[in-house]
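Before any comments, here is the structure.
The values are calculated or read from the model by the stated rules, or taken from the named source; none is laboratory data. Because the structure is a prediction, the values reported are computed rather than measured. Cβ placement follows ideal geometry from the backbone for every residue including glycine, while neighbour counts extend to all protein chains displayed.
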Amino acid sequence: MHKSISIQTEAFDTAGEEQKLRRGNPRIGAVVSFLGLMRDINDGDQVHTMTLEHYPGMTEKALAAIVDEAEQRWDLEGIRVIHRVGELRPEESIVLVMVASRHRGEAFRACEFVIDYLKTRAPFWKKEVTPEGERWVEARYSDKDAESRWET
């Protein structure tokens, strides 16, 4: 199985990433992706920019553990995870999760699992700039609820 994880400041090309994930593997029958974008509003407040920080080394290990768990749960052909860090503006892409498998059901479930776990288990910190100033973003209860669906 092809696995790839990137933490980067640069924007990424979703179509190009899909091509790389599928290239040379005729067994793939489905690719499911999630593209997370920065919104201009959060908790009812206008957001001008968001800065994402992470702990190098620790973040990659956390993402690798999530990808490994998805690989153990489903019969997959490939997973690609890209997460941006640094300063982002509304409409910019933040995260891409792509899962390739022989059948769509496994790809859908694995993709949802990876993004749910990424939201709660990957060490990223978000600081937003609003008209009222800067603030750190707290974890959402809905993210923890989404993660709990996968507990076995």
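Are any residues in region 83-142 more than 26 Å from ASP45 (Cβ to Cβ), at pLDDT 95 or above and of a type in the set (Lys, Arg), and if so, which ones? Residues satisfying the conditions are ARG102, ARG104, ARG109.
Of all residues in region 83-97 being in contact with a Ser or Thr (Cβ under 9 Å, 6 or more places away or on another chain) and part of a strand (DSSP E or B), which is nearest to ALA122 (Cα to Cα)? Before the answer, list the steps.
So the first thing to find is which residues in region 83-97 are in contact with a Ser or Thr (Cβ under 9 Å, 6 or more places away or on another chain), and the list is 83-90, 93, 96-97.
Remaining after also requiring part of a strand (DSSP E or B): 83-84, 86-88, 93, 96-97.
Working: HIS83: 10, ARG84: 13, GLY86: 16, GLU87: 18, LEU88: 18, SER93: 17, LEU96: 14, VAL97: 14 Å.
So the residue we want is HIS83.
Looking only at region 101-123, decide whether some residue is touching a His at 6+ places or on another chain (Cβ under 8 Å), of a type outside the set (Phe, Trp, Tyr), over 19 Å from THR14 (Cα atoms) and touching a residue at least 60 places away in the same chain (Cβ under 8 Å). Yes, there is a match, as at least one residue in region 101-123 is touching a His at 6+ places or on another chain (Cβ under 8 Å), of a type outside the set (Phe, Trp, Tyr), over 19 Å from THR14 (Cα atoms) and touching a residue at least 60 places away in the same chain (Cβ under 8 Å). Residue count for region 1-40 satisfying the condition of being surrounded by fewer than 16 Cβ atoms within 10 Å (Cβ to Cβ) and among the β-branched types (Val, Ile, Thr): 2. Checking the structure you have, find out if any residue of region 20-35 is small (Gly, Ala, Ser) and free of Cβ contacts under 8 Å to residues at least 40 places away in the same chain. Yes, region 20-35 has at least one match.
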